[in-house]
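Enquirer: First the structure, which I've put down as C-alpha cells, then a few questions once you've had a look.
The values are calculated or read from the model by the stated rules, or taken from the named source; none is laboratory data. Just so it is clear, the structure is predicted and the values come from calculations on it, not from any experiment. Ideal geometry is used to build each Cβ from the backbone, glycine not excepted, and the neighbour counts take in all protein chains shown.
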Amino acid sequence: KAGVTQTPRYLIKTRGQQVTLSCSPISGHRSVSWYQQTPGQGLQFLFEYFSETQRNKGNFPGRFSGRQFSNSRSEMNVSTLELGDSALYLCASSFSGRMNTEAFFGQGTRLTVV
Amino acid sequence: AQSVTQLDSQVPVFEEAPVELRCNYSSSVSVYLFWYVQYPNQGLQLLLKYLSGSTLVESINGFEAEFNKSQTSFHLRKPSVHISDTAEYFCAVSGSGNTGKLIFGQGTTLQVKP
C-alpha cells in the first residue's frame with residue numbers, strides 16, 4: 001500500500017511569488033491535514049480537509065489556502081510568499097480524521113523563499 | 001485550549017543506556033496521545049499511541065509510554081537505546097472536536113552517543 005506522497009520534495013521560490021504543494025493520501029483515506037514545521041515555531045496545524053470540505057483551520061493568514069479534490073488528493077497554496085514562509089510543509093492523511101485514528105505523514109515539501 | 005509541553009529540547013545519552021523523554025499535556029476533555037519520531041529530512045512516523053484502555057503502551061522497537069491522567073503526562077521511555085534511535089521525537093494530543101487536528105509539543109532531540 002503506497003504511503004502519503006507529497007510533491008515536490010524541494011522548492012525554491014522568490015518573495016512575492018505564489019506556490020502550490022500537492023499531497024496524495026493513502027488510498028481510502030478521506031481526511032488530509034497540513035502542517036508547517038519551522039525551527040522556531042515547531043509543528044503548527046494549517047488546515048484539515050475531509051470529503052472536499054475544510055473542516056478545521058489553524059491560525060494562519062489568508063495567504064495560506066487549500067483544497068481537496070474528489071479523489072481526496074489535496075493541494076495547498078501560499079500566495080505572496082514571505083521569507084518567513086520558508087519551512088517544511090507536511091501533509092497527513094487518515095481514514096476518517098477522527099481524534100482516535102492514526103495520521104500517516106508524507107515526507108514533506110521543503111520550501112525555501114529567497 | 002489544549003497544549004503539549006516537552007520539557008527537554010535535547011537529551012544526550014550513551015548507547016545502551018536508558019532514556020526518558022518527558023511530555024505533559026493540558027486539556028479539559030478526554031484526550032488521545034501520540035508519540036511521533038522524525039529522522040533527518042523525513043516526515044513523521046507514529047511510534048505509539050494511547051487511545052483508551054491500558055495506560056502503558058508499547059511500540060515494536062522497544063519504546064513504551066505511560067499515560068498518567070493525574071499528572072497529565074505521557075512520558076516516553078526505552079530501557080536501552082541504540083545509535084539508530086537518534087532522531088527528533090514529538091509528543092502530540094488530538095485536538096477537540098471531530099477533527100484530525102494534532103497539537104504537537106516542540107520536540108525533543110535524542111542524541112545517542114557511542
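Enquirer: Please enumerate the residues belonging to region A:81-114 that are in a strand (DSSP E or B), polar (S, T, N, Q) and over 16 Å from A:Asn56 (Cβ atoms).
Expert: Residues satisfying the conditions are A:Thr109, A:Thr112.
Enquirer: I'd like to know if region B:21-33 contains one or more residues that are within 14 Å of chain A (Cβ to nearest Cβ), out of contact with any Ser or Thr (no Cβ under 6 Å at 6 or more places or on another chain), part of a loop (DSSP other than H, G, I, E, B) and at pLDDT 90 or above.
Expert: The answer is no, given that none of the residues of region B:21-33 is within 14 Å of chain A (Cβ to nearest Cβ), out of contact with any Ser or Thr (no Cβ under 6 Å at 6 or more places or on another chain), part of a loop (DSSP other than H, G, I, E, B) and at pLDDT 90 or above.
Enquirer: Restricting attention to region A:8-19, which residues are exposed (fewer than 14 other Cβ atoms within 10 Å of the Cβ) and either without any contact (Cβ under 8 Å) to a residue 40 or more places away in the chain or in a strand (DSSP E or B) (or both)?
Expert: Residues of region A:8-19 that are exposed (fewer than 14 other Cβ atoms within 10 Å of the Cβ), as a first pass: A:8-10, A:12, A:14-18.
Those that are exposed (fewer than 14 other Cβ atoms within 10 Å of the Cβ) and either without any contact (Cβ under 8 Å) to a residue 40 or more places away in the chain or in a strand (DSSP E or B) (or both): A:Tyr10, A:Ile12.
Enquirer: Residue by residue through region A:17-39, note down the ones that are more than 14 Å from chain B (Cβ to nearest Cβ) and in contact with a strand residue (DSSP E or B) (Cβ under 9 Å, 6 or more places away or on another chain).
Expert: Of the residues in region A:17-39, the ones more than 14 Å from chain B (Cβ to nearest Cβ) are A:17-20, A:22, A:27-28.
Answer for region A:17-39, where residues must be more than 14 Å from chain B (Cβ to nearest Cβ) and in contact with a strand residue (DSSP E or B) (Cβ under 9 Å, 6 or more places away or on another chain): A:Gln17, A:Gln18, A:Val19, A:Thr20, A:Ser22.
Enquirer: Return the residue satisfying two criteria in turn: it lies in region A:102-114 and is more than 7 Å from chain B (Cβ to nearest Cβ) and not hydrophobic (A, V, I, L, M, F, W, C), and of such residues it is surrounded by the most Cβ atoms within 10 Å (Cβ to Cβ).
Expert: Once the filter is applied, the top-ranked residue is A:Thr109.
Enquirer: So which residues in region A:40-88 are within 11 Å of chain B (Cβ to nearest Cβ), buried (at least 18 other Cβ atoms within 10 Å of the Cβ) and of a type outside the set (S, T, N, Q), if there are any at all?
Expert: Result: A:Leu43, A:Phe45, A:Leu46, A:Phe47, A:Glu48, A:Tyr49, A:Phe50, A:Arg55, A:Leu88.
Enquirer: Inside region B:1-20, can you point out the residues that are hydrophobic (A, V, I, L, M, F, W, C) and under 19 Å from B:Gln38 (Cα atoms)?
Expert: If the condition is that a residue be hydrophobic (A, V, I, L, M, F, W, C) and under 19 Å from B:Gln38 (Cα atoms), then B:Val4, B:Leu7, B:Val11, B:Val13, B:Val19 are the ones that fit.
Enquirer: Within region A:63-77, is there a residue that is in a helix (DSSP H, G or I) and either modelled with pLDDT of 95 or more or of a type in the set (Phe, Trp, Tyr) (or both)?
Expert: The answer is no, given that none of the residues of region A:63-77 is in a helix (DSSP H, G or I) and either modelled with pLDDT of 95 or more or of a type in the set (Phe, Trp, Tyr) (or both).
Enquirer: Also, quick follow-up: Can you find a residue in region B:40-59 that is at pLDDT 95 or above, under 14 Å from the mean Cα position of the chain (by Cα), surrounded by 16 or more Cβ atoms within 10 Å (Cβ to Cβ) and assigned to a loop (DSSP other than H, G, I, E, B)?
Expert: No, there is no match, as no residue in region B:40-59 is at pLDDT 95 or above, under 14 Å from the mean Cα position of the chain (by Cα), surrounded by 16 or more Cβ atoms within 10 Å (Cβ to Cβ) and assigned to a loop (DSSP other than H, G, I, E, B).
Enquirer: Looking for something in contact with a strand residue (DSSP E or B) (Cβ under 9 Å, 6 or more places away or on another chain), part of a strand (DSSP E or B) and among the small types (Gly, Ala, Ser) - is there at least one such residue anywhere in region A:44-57? Let's see the steps before the verdict.
Expert: Initially, region A:44-57 is screened for residues in contact with a strand residue (DSSP E or B) (Cβ under 9 Å, 6 or more places away or on another chain), giving A:44-57.
Those left that are additionally part of a strand (DSSP E or B): A:44-50, A:53-57.
If we keep only those that are among the small types (Gly, Ala, Ser) too, we end up with none.
No, because not a single residue in region A:44-57 is in contact with a strand residue (DSSP E or B) (Cβ under 9 Å, 6 or more places away or on another chain), part of a strand (DSSP E or B) and among the small types (Gly, Ala, Ser).
Enquirer: State yes or no: is A:Thr101 within 18 Å of B:Gly107 (Cα to Cα) and β-branched (Val, Ile, Thr)?
Expert: No; evaluated as a whole, the condition is false for this residue.
Enquirer: If I filter region B:65-86 for residues that are of a type in the set (Phe, Trp, Tyr), away from chain A (no Cβ under 14 Å) and over 21 Å from A:Gly42 (Cβ atoms), do I get at least one hit?
Expert: Among the residues of region B:65-86, not one is of a type in the set (Phe, Trp, Tyr), away from chain A (no Cβ under 14 Å) and over 21 Å from A:Gly42 (Cβ atoms), which makes the answer no.
Enquirer: So, in region B:1-33, of the ones that are in contact with a Cys (Cβ under 7 Å, 6 or more places away or on another chain) and closer than 30 Å to A:Tyr10 by Cβ, which residue ends up surrounded by the fewest Cβ atoms within 10 Å (Cβ to Cβ)?
Expert: Only one residue fits best here, namely B:Gln6.
Enquirer: A follow-up question, please. Could you please find all residues in region B:89-105 being surrounded by 19 or more Cβ atoms within 10 Å (Cβ to Cβ) and touching a residue at least 24 places away in the same chain (Cβ under 8 Å)?
Expert: Passing the criteria: B:Tyr89, B:Phe90, B:Cys91, B:Ala92, B:Val93, B:Ser94, B:Gly95, B:Leu102, B:Ile103, B:Phe104, B:Gly105.
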